[in-house]
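These notes are about the structure you will find just below.
Nothing in this text is a laboratory measurement; each read-out follows from the coordinates by a stated rule. Keep in mind it's a predicted model, so treat the numbers as computed, not measured. So basically every Cβ, Gly included, is an ideal-geometry build from the backbone, and we count neighbours across all protein chains shown.
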Amino acid sequence: MRPKIEVADIFCRYGAAFRAAQGARLSIDQRRAMTAIQACRTATLGGHAEQCEDCGQIRIAYNSCRNRHCPKCQGLARAQWLADRRAELLPVAYFHVVFTMPSPIAAIALQNKALVYDILFKTASETIRIIAADPRYLGAETGMIAILHTWGQTLMHHPHVHCIVPGGGLGPGGDWIACRPGFFLPVHVLSRLYRRLFLERLDAAFDAGVLDFFGDLAALRAPEEFARYLAPLRHVRWVVYAKRPFGGAEQALAYLGRYTHRVAIANGRLLSCDDGVVRFRWKDYRANNKSRAMSLDAGEFMRRFLIHVLPKGFRRIRHFGFLANARRARKLARIRAALDVAEPPPAIEPADYRERYAMLTGKRIDICPCCGGRMIELGSWPRPSSPTPNTTPGYDTS
């Protein structure tokens with residue numbers, strides 16, 4: 001069922017005025033995201049018609065935009081990603097470690113998204129790799145999946161990475177070394193190393209002249225001001241926290257599914273959009289996750305949503321260690337041998353997209369909503385020739 005209000009509706013009503021008011025402050029990526037979200041599952045992107053074999057019911061399905069920031073286009077992508085990861089699960093405990101950054105660093109990240117978010121990924125993975133390789137803690141090569149989120153519940157800028165890490169690693173002799181039950185690595189040790197490595201990379205980026213500063217941060221172009229800005233951050237605690245271990249690999253996978261393909265706000269959290277004011281639900285973590293409602297001017301809502309649009313080509317899900325793409329198959333084979341676990345059977349990929357959707361989601365899209373008969377495609381029409389996003393048939397229940 002379609003939510004009563006969607007991000008697309010807000011863009012359609014107020015987007016033109018917002019674009020005009022923002023001018024050059026809106027990046028090309030942000031403008032493209034707005035256009036894609038507005039056009040998603042509308043006639044603008046083309047579609048197809050289908051008819052029930054039994055009752056004759058006709059249904060029109062418009063194409064999806066497939067933009068990674070669109071609230072309506074993540075369900076199938078998430079299901080496919082999780083299916084690919086299921087074959088990589090190991091029969092070990094999994095841990096959830098989160099790396100955050102202080103707000104002054106987040107301010108620099110907002111003006112240098114690709115560069116500072118990349119530092120966040122690399123520093124988080126390097127921190128876990130170095131500490132895990134130390135014989136005092138684990139003495140093994142680890143692997144991890146890291147997922148970037150840049151938002152908090154109220155859509156403010158809050159960059160952090162969620163890391164899902166198997167509880168152990170490959171020892172020097174190729175054996176599996178498990179971590180202590182219920183404990184992965186000491187958080188205070190991770191935090192100190194993470195802070196040092198992050199600031200070293202940020203200093204190197206500044207020395208290389210690849211950081212941009214403007215607006216309130218323009219003074220940081222001067223080396224002495226940049227050093228003064230970072231000085232207090234070298235002595236405060238950088239928040240790294242580890243959540244309780246999952247009960248098993250399948251639970252870790254289910255948890256991942258809630259994080260991998262999220263966007264800044266789901267349509268289901270929107271309450272209303274009237275007279276230029278958007279109301280939405282948010283969780284107040286400081287009040288035991290109590291649900292509250294927030295009202296924002298439509299322009300401010302769009303501004304907050306769009307600061308989470310990532311640069312084109314930036315990868316927000318990354319794999320490291322023995323789960324890195326280049327070595328994953330070989331390393332996992334060694335680990336399964338060490339754990340005496342059989343290799344998973346090869347995945348079967350249906351050629352028909354309807355069967356693929358059913359296999360991934362457990363829901364069928366070729367069933368008539370009126371009588372339960374089979375829907376047969378009558379024909380399709382292409383999207384217009386003007387530049388619009390890549391499309392796929394518009395079935396997605398995210």
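Sorted fewest first by neighbouring Cβ atoms within 10 angstrom, Val239, Val309 come out as Val239, Val309. Packing around the peptides 316-328, 208-220, taken as the average count of other Cβ atoms within 10 Å per residue, puts them in this order, highest first: 316-328, 208-220.
Could you work out how much longer the chain between Arg59 and Met359 gets when fully extended? Use 0.36 nm per residue separation minus the Cα distance between them, nm to one decimal. Display every interim value, and only then the final one.
Numbers: separation 300, 0.36 × 300 = 108.00 nm, distance 2.23 nm.
Contour length minus the Cα-Cα distance gives 105.8 nm.
Roughly how many nanometres apart are two label points built 7 Å out from the Cα toward the Cβ at Arg286 and Val187? Going by the 7 Å Cα→Cβ label model, 1.9 nm. Entry note: the range 64-190 has Rg to Rh equal to 1.02, where both radii use alpha-carbon atoms and Rh is the Kirkwood radius. If the segment from Glu200 to Asp340 were pulled out straight at 0.36 nm per residue, it would be longer than the present Cα-Cα gap by 46.3 nm. Karplus-derived 3J(HN,Hα) values for the range 283-288, using 6.51 cos²θ - 1.76 cosθ + 1.60 with θ = phi - 60°, are 9, 8, 5, 7, 10, 6 Hz; glycine and proline are entered as x. For the range 176-183, the Karplus equation 6.51 cos²θ - 1.76 cosθ + 1.60, evaluated at θ = phi - 60°, returns couplings of 8, 10, 8, 6, 5, x, x, 9 Hz by residue, with Gly and Pro reported as x.
Hydrodynamic estimate: the Kirkwood radius of the range 255-314 over Cα pairs, inserted into Stokes-Einstein at 10 °C and 1.306 mPa s, corresponds to D of 120 µm²/s.
Please grab the % of Cα pairs in the range 19-73 that end up more than 15 Å from each other.
Details: 870 of 1485 pairs.
Cα-Cα pairs in the range 19-73 separated by more than 15 Å: 59 percent.
Expected output is a single nm value to one decimal: the length gained when fully extending between Leu378 and Ala20, i.e. 0.36 nm times separation in residues minus the C-alpha distance. What is it? Kindly include the intermediate steps, with their values, before the conclusion.
Details: separation 358, 0.36 × 358 = 128.88 nm, distance 4.12 nm.
Full-extension gain reported as 124.8 nm.
With the convex hull of its Cα atoms as the shape, the chain has an orientation-averaged projected area of 23.3 nm². On a per residue basis, the convex hull of the C-alpha atoms belonging to the range 1-47 measures out at 82 Å³.
Partner lysines whose Cα lies under 17 Å from the Cα of Lys113, excluding those fewer than 8 positions away in the same chain, are identified as Lys122, Lys312.
Close amide H contacts of Ile367 (hydrogens built in the peptide plane, cut-off under 5 Å, sequence separation of 5 or more or a different chain): Met375. The lysines whose alpha-carbon is closer than 25 Å to the alpha-carbon of Lys363, local same-chain residues fewer than 8 away aside, are Lys4, Lys72. Protection proxy ranking, highest mean first, for peptides 244-251, 263-270, 341-348: 263-270, 244-251, 341-348, where packing is the per-residue count of other beta-carbon atoms within 10 Å, averaged. Remark on Ser27: its backbone amide H falls under 5 Å from none of the residues 5 or more positions apart or on other chains, H modelled at 1.01 Å from N. Roughly speaking, what is the centre-to-centre gap between the range 328-379 and the range 147-182 when only Cα atoms are used, to the nearest Å? Taking the Cα centre of each part, the range 328-379 and the range 147-182 sit 27 Å apart. FRET efficiency for the Ala293 to Ala254 pair, using the beta carbon distance and R₀ = 22 Å, is estimated at 0.15.
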